[in-house]
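Trainee: After the structure tokens below, expect a handful of questions from me.
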Amino acid sequence: MEKSIDEINRRIREGSARVVTADEMPDIVGELGEEGALKEVDVVTTGTFGAMCSSGAFLNFGHAEPPIKMERLWLNDVEAYGGLAAVDTYIGATNKSVTRMESYGGAHVIEDFISGKSIELRAQSSGSDCYPRRTITTELLLEDLNQAIMVNPRNAYQRYDAAINTSDDTLYTYMGTLLPHGGNVSFSGAGTLNPICNDPNLRLIGSGVPILLGGAPGMVIGEGTQHSSAGNFATLMTTADMNEMNRDFLRAAYMHRYGPTLYLGVGIPLPVLDIEVVRRTAVRDEDIVVNIRDYGVPSRSRPVIRPISYAELKSGNVEINGDEVRVSSLSSYRKARQVAQTLKSWVEEGHMTLSLPTRMIDPSKQAKPMRETRKVILVQEIMQRRVMTIKEDQDITEAARKLLKGETNHLPVLNEHGQLTGVVTTFDVTKAVARPDRKVRVQDVMTRNVITTMADEPIDIAAHKLDHYRISALPVVDAKNQCIAILHASDLGKLFKSGGNQP
Amino acid sequence: MKLLVRLIHDSKPVIAQVVKETGILINVDRARSDAHEGEEALVDVPDESCLLVSELMQKFGAEVSVLEEGIRHDEDECVDCGACISVCPKNVFYFDEDWKLVVDTKKCILCGRCVVSCPHSALSMSD
């Protein structure tokens, strides 16, 4: 048996369509069987609600008198794109305010607009014969704009890898707060309710398909940026009118030490056309698997700790190497259900009919990493290979002598095997001299918890360590923990010298 | 009940002394020693012993106040994501059967970890 989209739409218009949310589907198929579910159910609604950083809106302000072609502009001091003519702009969700707290960004401008708040527009221009005006400052409400059309390059990820942090420090990431030593796991995504998880081969979701976006009726434009459905990480480009959005399904957020982002509700109603749709929409949390990745490693390819299903993630605890680790979600499952239920009522009440894609999205596409034509600068290019070191059991007066002779503030400390065990600084020696109790040997005064770098580490990572730990030098160690060089904060200056290693 | 104990002068073993004299078991939830602000401990005592413990501690020279409120939760800003759940050392946060966030403020020791972890600024310290 098959059903046509026209037949389903006729039932929607008549008010007789049977609509269910995607989380109800596994039980319905279990009870009625696939054929029975196909006969019974006409539409399955999906929903997700979470951080969707790659979002924003096109705005048109209307012309001023005298007119201006805005080349740089700010909305509540958040810069918007000035490369469109003349009173058009695009405001991106993650852009930070230049004057307010860094927790205010483009996402907050968007939320303030849809909440009916007044936004200050400031713009500059170099002026032209047709657009003579140079500056403008005005207060605007959403209703004062000609258009406010949200267009989001990358929404509704099919799934997202979970995060853990095995390093010694708390990390603040776009995946939230990650406690040290694998202290917690953080994940995002609605699992069984996720739109693309219910249509992984993209038979039903494509260009022109109606959706709920931020509480407004909208549509799928096509594939999203970084769309990678071959690896089960499909994304969608979406659009809807901001005038119809509401705070139930759109919230600005701020990730500590990461920046602003936008939480959005996105849902797609799926027509139950055939057995294949029934099978796909019967997907359960147990069937949707992601990896837990270690964010303690600052690289694009973060090591996988273990695979995990959404069922385990939603249980609140996961097992890692025999330990129970608590889980946090960044997305809201409660809100995801509200999205699916709202869509359900729209379809049941005949406010939204369905359509098939006018253009299909490629289900086999794989996203590529960036092609980098210029070499990333590594620590080995600016580190100092001649490094003065000292042994643990030497006297601090020897350390003082070496520090003076080497004109340095840091001496890596080695054990009898030549391995790095600490660092002694001029400050440590000074402290020991000022308080002459029994501290006479280097091992009594040295810092043992040493932050190090490797010769082949990118310089940006080393610089981030210097900044993060507020230190001014990093011993460079090899795989055997032998100290082979040292990198001073002052060495970073070499990167900016003309004729040096400037990229 | 949670008591905030401030030791203003030199650090006499006030808590140990109270435990020894009364036999009441006191749990130290959180403690801080700061060069400028002195020493402070958040302790958990059985409700019925609260008055006795705080009077004794005051006698031994500590400043004692009852911690009435835990973390503040703004339900309008909260989207029930649950980012706070795994960062809390005291299991203050959990979901009910409808995935709504429940905040059990009685268990809160005001460590503040959840405040920066909340993407929606829905959690804040009292005062």
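A quick yes/no check of all residues on (1) within 14 Å of chain B (Cβ to nearest Cβ); (2) of a type in the set (D, E, K, R); (3) on the phi > 0 side of the Ramachandran plot:
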{"site": "A:N155", "(1), (2), (3)": "no, no, no"}
{"site": "A:Q158", "(1), (2), (3)": "no, no, no"}
{"site": "A:I164", "(1), (2), (3)": "yes, no, no"}
{"site": "A:L179", "(1), (2), (3)": "yes, no, no"}
{"site": "A:G189", "(1), (2), (3)": "yes, no, yes"}
{"site": "A:I196", "(1), (2), (3)": "no, no, no"}
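Trainee: Determine whether the range A:60-67 contains at least one residue that is touching a residue at least 12 places away in the same chain (Cβ under 8 Å), of a type in the set (A, V, I, L, M, F, W, C), more than 14 Å from chain B (Cβ to nearest Cβ) and outside any helix (DSSP H, G or I).
Mentor: In the first step, residues of the range A:60-67 are kept if they are touching a residue at least 12 places away in the same chain (Cβ under 8 Å); the result is A:60-64, A:66-67.
Next cut, of a type in the set (A, V, I, L, M, F, W, C) only: A:61, A:64.
Filter once more, so that each one left must be more than 14 Å from chain B (Cβ to nearest Cβ): A:61, A:64.
Right, trim to outside any helix (DSSP H, G or I) and you get A:61, A:64.
There is at least one residue in the range A:60-67 that is touching a residue at least 12 places away in the same chain (Cβ under 8 Å), of a type in the set (A, V, I, L, M, F, W, C), more than 14 Å from chain B (Cβ to nearest Cβ) and outside any helix (DSSP H, G or I).
Trainee: Regarding the range A:156-172, can at least one residue be identified that is outside the structural domain of A:Y310 (by TED's automatic domain parsing), free of Cβ contacts under 8 Å to residues at least 40 places away in the same chain and either touching a helix residue (DSSP H, G or I) at 6+ places or on another chain (Cβ under 8 Å) or of a type outside the set (F, W, Y) (or both)? Steps first, answer last, please.
Mentor: Taking the range A:156-172 first, the residues outside the structural domain of A:Y310 (by TED's automatic domain parsing) are none.
No, because not a single residue in the range A:156-172 is outside the structural domain of A:Y310 (by TED's automatic domain parsing), free of Cβ contacts under 8 Å to residues at least 40 places away in the same chain and either touching a helix residue (DSSP H, G or I) at 6+ places or on another chain (Cβ under 8 Å) or of a type outside the set (F, W, Y) (or both).
One line per residue, one yes/no per condition, for (1) closer than 18 Å to A:G182 by Cβ; (2) under 27 Å from the mean Cα position of the chain (by Cα); (3) in the same structural domain as A:I461 (by TED's automatic domain parsing):
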| site | (1), (2), (3) |
| --- | --- |
| A:P298 | yes, yes, no |
| A:S309 | no, yes, no |
| A:R326 | yes, yes, no |
| A:S355 | no, no, no |
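Trainee: Still on this structure: I'd like the residue in the range A:17-57 that is out of contact with any helix residue (DSSP H, G or I) (no Cβ under 9 Å at 6 or more places or on another chain) and part of a loop (DSSP other than H, G, I, E, B) and, out of all such residues, is nearest to the other protein chains (Cβ to nearest Cβ).
Mentor: Applying the filter and picking the extreme gives A:M52.
Trainee: Now for a different question. Would you mind stating whether A:R13 is in contact with a strand residue (DSSP E or B) (Cβ under 7 Å, 6 or more places away or on another chain), surrounded by fewer than 21 Cβ atoms within 10 Å (Cβ to Cβ) and not aromatic (F, W, Y)? Before you say what the answer is, go through the steps one by one.
Mentor: Numbers: in contact with a strand residue (DSSP E or B) (Cβ under 7 Å, 6 or more places away or on another chain): no; surrounded by fewer than 21 Cβ atoms within 10 Å (Cβ to Cβ): yes; not aromatic (F, W, Y): yes.
It is false that A:R13 is in contact with a strand residue (DSSP E or B) (Cβ under 7 Å, 6 or more places away or on another chain), surrounded by fewer than 21 Cβ atoms within 10 Å (Cβ to Cβ) and not aromatic (F, W, Y).
Trainee: Does A:G322 qualify as being more than 30 Å from A:P458 (Cα to Cα) and without any contact (Cβ under 8 Å) to a residue 24 or more places away in the chain? Walk me through it before giving the result.
Mentor: Details: more than 30 Å from A:P458 (Cα to Cα): yes; without any contact (Cβ under 8 Å) to a residue 24 or more places away in the chain: yes.
Spelling it out, A:G322 is indeed more than 30 Å from A:P458 (Cα to Cα) and without any contact (Cβ under 8 Å) to a residue 24 or more places away in the chain.
Trainee: Being in a loop (DSSP other than H, G, I, E, B) and charged (D, E, K, R) is the filter; apply it to the range A:1-16 and report the residue that is nearest to A:G214 (Cα to Cα). Spell out the reasoning first.
Mentor: To start, the set of residues in the range A:1-16 that are in a loop (DSSP other than H, G, I, E, B) comprises A:1-4, A:15-16.
Narrowing the set further to residues that are charged (D, E, K, R) leaves A:2-3.
Details: A:E2: 33, A:K3: 30 Å.
Residue satisfying both the conditions and the ranking: A:K3.
Trainee: If the requirement is being over 24 Å from A:P357 (Cα atoms), touching a Ser or Thr at 6+ places or on another chain (Cβ under 7 Å) and either among the hydrophobic types (A, V, I, L, M, F, W, C) or in a loop (DSSP other than H, G, I, E, B) (or both), which of these qualifies: A:R247, A:R257? Outline the logic, then answer.
Mentor: Numbers: A:R257 fails: touching a Ser or Thr at 6+ places or on another chain (Cβ under 7 Å).
Only one candidate passes the filter, namely A:R247.
Trainee: Looking only at residues that are within 14 Å of chain B (Cβ to nearest Cβ), in a strand (DSSP E or B) and polar (S, T, N, Q) in the range A:288-329, which one is surrounded by the fewest Cβ atoms within 10 Å (Cβ to Cβ)?
Mentor: Restricting to residues being within 14 Å of chain B (Cβ to nearest Cβ), in a strand (DSSP E or B) and polar (S, T, N, Q), the top hit is A:N317.
Trainee: Please pick out the residue among B:S33, B:S49, B:S65 that is under 19 Å from the mean Cα position of the chain (by Cα), in contact (Cβ under 8 Å) with a residue 40 or more places away in the chain and surrounded by fewer than 21 Cβ atoms within 10 Å (Cβ to Cβ). Let's see the steps before the verdict.
Mentor: Values: B:S33 fails: in contact (Cβ under 8 Å) with a residue 40 or more places away in the chain; B:S49 fails: in contact (Cβ under 8 Å) with a residue 40 or more places away in the chain.
So the residue among B:S33, B:S49, B:S65 that is under 19 Å from the mean Cα position of the chain (by Cα), in contact (Cβ under 8 Å) with a residue 40 or more places away in the chain and surrounded by fewer than 21 Cβ atoms within 10 Å (Cβ to Cβ) is B:S65.
Trainee: Restricting attention to the range A:459-493, which residues are within 26 Å of the chain's Cα centre (by Cα) and either in a helix (DSSP H, G or I) or modelled with pLDDT of 90 or more (or both)?
Mentor: A:I459, A:D460, A:I461, A:A462, A:A463, A:H464, A:K465, A:L466, A:D467, A:H468
Trainee: So B:H73 passes all but one of these: (1) surrounded by 13 or more Cβ atoms within 10 Å (Cβ to Cβ); (2) more than 14 Å from chain A (Cβ to nearest Cβ); (3) farther than 18 Å from A:A253 by Cα. Which condition number does it fail?
Mentor: Here B:H73 meets the rest and fails (3).
Trainee: So A:T373 ticks every box in (1) without any contact (Cβ under 8 Å) to a residue 60 or more places away in the chain; (2) more than 20 Å from A:N291 (Cβ to Cβ); (3) not in a loop (DSSP other than H, G, I, E, B) but one. Which box is left unticked?
Mentor: The one condition A:T373 does not meet is (3).
Trainee: Of all residues being within 14 Å of chain B (Cβ to nearest Cβ) and in contact with a helix residue (DSSP H, G or I) (Cβ under 6 Å, 6 or more places away or on another chain) in the range A:330-355, which is farthest from A:Y263 (Cα to Cα)? Just the residue, please. Write out each step before concluding.
Mentor: Of the residues in the range A:330-355, the ones within 14 Å of chain B (Cβ to nearest Cβ) are A:330-341.
So of that shortlist, the ones also in contact with a helix residue (DSSP H, G or I) (Cβ under 6 Å, 6 or more places away or on another chain) come out as A:336, A:340.
Numbers: A:A336: 11, A:A340: 16 Å.
By that ranking, first place goes to A:A340.
Trainee: Is it the case, given these coordinates, that B:I85 is away from chain A (no Cβ under 14 Å) and hydrophobic (A, V, I, L, M, F, W, C)?
Mentor: Details: away from chain A (no Cβ under 14 Å): no; hydrophobic (A, V, I, L, M, F, W, C): yes.
So B:I85 does not fit the description; no.
Trainee: So which residues in the range A:439-492 are under 16 Å from A:F427 (Cβ atoms), crowded, with 17+ Cβ neighbours inside 10 Å and of a type in the set (G, A, S)?
Mentor: Hit for the range A:439-492 is A:A473, nothing else.
Trainee: Among the residues of the range B:44-55, are any in contact with a helix residue (DSSP H, G or I) (Cβ under 6 Å, 6 or more places away or on another chain) and either within 14 Å of chain A (Cβ to nearest Cβ) or under 18 Å from B:G112 (Cβ atoms) (or both)?
Mentor: No, the range B:44-55 contains no residue that is in contact with a helix residue (DSSP H, G or I) (Cβ under 6 Å, 6 or more places away or on another chain) and either within 14 Å of chain A (Cβ to nearest Cβ) or under 18 Å from B:G112 (Cβ atoms) (or both).
Trainee: Look at the range B:76-114 and say how many of its residues are surrounded by fewer than 18 Cβ atoms within 10 Å (Cβ to Cβ), out of contact with any Asp or Glu (no Cβ under 7 Å at 6 or more places or on another chain) and not charged (D, E, K, R).
Mentor: 6
Trainee: When you go through A:S355, A:S331 one by one, which is the residue that is within 30 Å of A:V318 (Cβ to Cβ) and in contact (Cβ under 8 Å) with a residue 12 or more places away in the chain? Can you show your working first?
Mentor: Working: A:S355 fails: within 30 Å of A:V318 (Cβ to Cβ).
After ruling out the rest, the residue left standing is A:S331.
Trainee: Let me ask you something else. Give me a count of the residues in the range A:343-370 that are outside any loop (DSSP other than H, G, I, E, B) and either basic (K, R) or buried (at least 19 other Cβ atoms within 10 Å of the Cβ) (or both). Walk me through it before giving the result.
Mentor: Going through the range A:343-370, the residues outside any loop (DSSP other than H, G, I, E, B) turn out to be A:343-348, A:359.
Subset that is either basic (K, R) or buried (at least 19 other Cβ atoms within 10 Å of the Cβ) (or both): A:343-344, A:346-347, A:359.
Selection size over the range A:343-370: 5.
Trainee: Moving on to the next point. Condition first: in contact with a Phe, Trp or Tyr (Cβ under 9 Å, 6 or more places away or on another chain) and among the hydrophobic types (A, V, I, L, M, F, W, C). Now tell me which residues in the range B:88-117 satisfy that.
Mentor: Of the residues in the range B:88-117, the ones in contact with a Phe, Trp or Tyr (Cβ under 9 Å, 6 or more places away or on another chain) are B:95, B:99, B:101-104, B:114, B:116-117.
Once the filter is applied, which keeps residues that are in contact with a Phe, Trp or Tyr (Cβ under 9 Å, 6 or more places away or on another chain) and among the hydrophobic types (A, V, I, L, M, F, W, C), the range B:88-117 yields B:F95, B:W99, B:L101, B:V102, B:V103, B:C114, B:V116.
Trainee: Right, here's the next one. Please find, among A:A85, A:A162, the residue that is small (G, A, S), surrounded by fewer than 17 Cβ atoms within 10 Å (Cβ to Cβ) and either touching a strand residue (DSSP E or B) at 6+ places or on another chain (Cβ under 7 Å) or more than 30 Å from B:S86 (Cβ to Cβ) (or both).
Mentor: Details: A:A162 fails: surrounded by fewer than 17 Cβ atoms within 10 Å (Cβ to Cβ).
Criteria check complete, one pass: A:A85.
Trainee: Scan A:T239, A:T225 and give me the residue that is more than 30 Å from A:L178 (Cα to Cα), touching a residue at least 24 places away in the same chain (Cβ under 8 Å) and surrounded by fewer than 23 Cβ atoms within 10 Å (Cβ to Cβ). Spell out the reasoning first.
Mentor: On the way: A:T225 fails: more than 30 Å from A:L178 (Cα to Cα).
Matching residue, one of A:T239, A:T225: A:T239.
The values are calculated or read from the model by the stated rules, or taken from the named source; none is laboratory data. Just so we're clear, the structure is a prediction, and the values are computed from it rather than from any experiment. All Cβ positions, glycine included, derive from the backbone under ideal geometry; neighbour counts span all protein chains shown.
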